[in-house]
Amino acid sequence: MLEVRDIHTYYGDSHVLQGVSLSMSRGQVVGILGRNGMGKTTLIRSIIGFTSPRRGRVVFKDRDITAWPSNRAVALGLGLVPQGRRVFPSLTVMENLEVAVKADRGPWTVPRVLELFPRLRERGAHRAGKLSGGEQQMLAIARALMTNPELLLMDEPTEGLAPLLVREVGRVIQSLKAEGLSILLVEQNLPLALRVADHVHVLSRGRVVHSSAPDALWRNEEIKARYLGL
Amino acid sequence: MDFWISQLFNGVSYGALLFLLAGGLSLIFGMMRIVNMTHGSYYLLGGYVALTVIWRTGSFALAVVLGALTISLVGIAEWNAFLKRLSGQELGQVLTTMGFALIFQDLALVLWGGDPYTISVPAALSGSLVVGQLYFPVYRIFIVVVAVAVALVLWLTLEWTRIGAMIRATVDDPEMARGVGINVYLISMMVFALGATLAALAGVVAGGFVGVYPGADFEILPYAFVVVIVGGMGSLKGALIGSLMVGLLDNFGKALFPELSYFTLFAPMAAILAVRPTGLFGRA
Ligand SMILES: Nc1ncnc2c1ncn2[C@@H]1O[C@H](COP(=O)(O)OP(=O)(O)OP(=O)(O)O)[C@@H](O)[C@H]1O
Ligand SMILES: [Mg+2]
């Protein structure tokens, strides 16, 4: 359902992604691993269209979306949980959910996401900027689900969360996977990524340096030491 | 005492006029980061178009509607042809919008000449309300009523509708707004058109009060920018309070210390910005 073909992405003159290719099929969870600054977020930005690649192609559902504005990509079925949550701080929790453009292709509605995140219901009328980090993360996931994505891009959803909340996010990801949602998951929490992913890629300096099944990576001490700092 | 009340009233009604001009400018600033030097031109052209409509038809209501609509089309055209391509390039925006401002200034001179005109207002809006010794021009009351109505509609739309929430989301984080599917281009164009419409409305209304004349555009533009900067970019509440402050300071300054009127206007502004660099209600 997603195919990234040899993309090169720049910020100004700095050549960050240097020929990344990967593909995933419907219902899969694919993990992207790699140390800080290796280009994981840039890969997500390239796919959603925040920073379009200068060369190469992003093909989603058989459409070439490489140069599309993000809102069109979202309309086609991409969803984004960005790094750092980026909830709309001056909007209430409810408004954060309501501004997301709904597509009627999927099951997600406000009542249904509130069922998944009961804590957000109590906070409905609060400004999102006043929520705790964990609550903001839940809201960022809930907001992305409101667009009824077919492929969810998640960029470090457990970053900076307490262990209890990390487990809760892990459970949510598992349950979304069980419903058949495809997920491209950037994650520095290796155990979590290996538990939920069907396949993993390791990024280093803007290139994919390792691709395998999760358990093969778990057993590969050399790759883990060299590229993940373990 | 009478002096104070009537000056207060004059200040408030000038503030109301400024709010019509600056409310849209603030939204455009906050949402698109466009420093729109053409905003004063919409004010001027709105007044001139209304003048022509009045000459042809004699209808003040029609002049208001056509003046505002025509200029909204001008704004949409300018935004589509140039400004949407210049997002994030402040210098390019300032030069482009300044260029348009100069073109519109000359165009107005060619089409309407150099004489000052006053838009004649309907009988129902002329005359004064007399309370004891005090005279309150009905037309100035009308301006205050229009500004209050506009502020109310804008506030209700921004705070209580889905499209309003989308606008606020775009002010918060335009990139992420796209990332949840919001068509930021379309919303920006609508807000830009709304700002142009309100500026034109201000120009039409001002035409019956201070008149329509060459140079009115660049005369009022600094006031609008002061309102936006003091109130805080993108904040409707800020624009409202900023307009009132500027209206009152300008009016009392001119009445009490005519030779120092710029000082009495700008010194308090500088003081506010020293304490709150993002303006009264602005976010960093
Ligand atoms: N807006 C930007 N402008 C210029 N350079 C950038 C920008 N964003 C990221 N970079 C650089 O691009 C490289 C890749 O950054 P990226 O954010 O994709 O890394 P990452 O793998 O997501 O890191 P992290 O794990 O810290 O989130 C880094 O060297 C970073 O400094
Ligand atoms: Mg990152």
**OP:** Could you please let me know if A:Leu120 is under 19 Å from A:Ser70 (Cβ atoms) and more than 16 Å from ligand 2 (Cβ to nearest atom)?
**Re:** no
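Report, by residue number, each residue of the range A:158-188 that is of a type outside the set (D, E, K, R), part of a loop (DSSP other than H, G, I, E, B), closer than 23 Å to A:Arg35 by Cα and under 14 Å from the mean Cα position of the chain (by Cα). Please lay out each step first, then the result.
Restricting attention to the range A:158-188, the residues satisfying the condition of being of a type outside the set (D, E, K, R) are A:158, A:160-166, A:169-170, A:172-176, A:178, A:180-186, A:188.
From what is left, the residues that are part of a loop (DSSP other than H, G, I, E, B) are A:158, A:160-162, A:180-181, A:188.
When the remaining residues are screened for being closer than 23 Å to A:Arg35 by Cα, the result is A:158, A:160-162, A:188.
Across the range A:158-188, the qualifying residues are A:Thr158, A:Gln188.
Do we find that A:Asp62 is without any contact (Cβ under 8 Å) to a residue 12 or more places away in the chain, open to solvent by 10 Å² or more (accessible area, probe 1.4 Å), more than 21 Å from A:Ile173 (Cβ to Cβ) and within 14 Å of ligand 1 (Cβ to nearest atom) in this structure?
Working: without any contact (Cβ under 8 Å) to a residue 12 or more places away in the chain: yes; open to solvent by 10 Å² or more (accessible area, probe 1.4 Å): yes; more than 21 Å from A:Ile173 (Cβ to Cβ): yes; within 14 Å of ligand 1 (Cβ to nearest atom): no.
Criteria not met by A:Asp62.
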**OP:** Inspect the range A:97-116 for any residue being within 14 Å of chain B (Cβ to nearest Cβ) and touching a residue at least 60 places away in the same chain (Cβ under 8 Å) and give the result as yes or no.
**Re:** no
Original post:
B:Leu194 fails exactly one of the following numbered conditions: (1) open to solvent by 50 Å² or more (accessible area, probe 1.4 Å); (2) at the interface with another protein chain (Cβ under 8 Å from one of its Cβ atoms); (3) at pLDDT 95 or above. What is the number of that condition?
Top reply: (2)
Original post:
Just wondering, is there one or more residues in the range A:171-182 that are touching a residue at least 24 places away in the same chain (Cβ under 8 Å), surrounded by 23 or more Cβ atoms within 10 Å (Cβ to Cβ) and touching a helix residue (DSSP H, G or I) at 6+ places or on another chain (Cβ under 6 Å)?
Top reply: yes
Original post:
A:Val87 fails exactly one of the following numbered conditions: (1) away from every other protein chain (no Cβ under 12 Å); (2) within 14 Å of A:Leu131 (Cα to Cα); (3) surrounded by 16 or more Cβ atoms within 10 Å (Cβ to Cβ). What is the number of that condition?
Top reply: (1)
Original post:
In this structure, is A:Arg127 within 11 Å of another protein chain (Cβ to nearest Cβ) and free of Cβ contacts under 8 Å to residues at least 24 places away in the same chain?
Top reply: no
Original post:
Among the residues of the range A:30-53, is any facing chain B (nearest Cβ under 9 Å), more than 16 Å from ligand 2 (Cβ to nearest atom) and either assigned to a helix (DSSP H, G or I) or at pLDDT 95 or above (or both)?
Top reply: yes
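What tally of residues in the range A:1-17 results from selecting those that are assigned to a strand (DSSP E or B), away from ligand 1 (no atom under 11 Å from the Cβ) and farther than 11 Å from A:Val58 by Cβ? Walk me through how you get there before you give the answer.
Of the range A:1-17, the ones assigned to a strand (DSSP E or B) are A:2-11, A:14-17.
From the residues that got through so far, the ones that are away from ligand 1 (no atom under 11 Å from the Cβ) too are A:2-8.
Those left that are additionally farther than 11 Å from A:Val58 by Cβ: A:8.
Of the residues in that region, 1 qualify.
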Original post:
How do the pairs read when you match residues in the range A:36-48 that are on the phi < 0 side of the Ramachandran plot with residues anywhere that are more than 9 Å from ligand 2 (Cβ to nearest atom) and open to solvent by 10 Å² or more (accessible area, probe 1.4 Å), using Cβ under 7 Å and keeping only pairs 6 or more apart or on different chains?
Top reply: A:Met38/A:Ser204; A:Met38/A:Arg205; A:Thr42/A:Val16; A:Thr42/A:Thr51; A:Arg45/A:Thr51; A:Ser46/A:Ser52; A:Ser46/A:Pro53
**OP:** From (1) more than 14 Å from chain A (Cβ to nearest Cβ); (2) outside any loop (DSSP other than H, G, I, E, B), pick out the condition that doesn't hold for B:Gly114.
**Re:** (2)
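The values are calculated or read from the model by the stated rules, or taken from the named source; none is laboratory data. Keep in mind the model is a prediction, meaning the values are calculated, not measured. Quick reminder, even Gly has a Cβ in these numbers, built from the backbone with ideal geometry, and neighbours come from all protein chains shown. Surface areas here come from the heavy atoms of the whole protein model, side chains and all, with no ligands, DNA or RNA. Shrake-Rupley method; radii C 1.70, N 1.55, O 1.52, S 1.80 Å.
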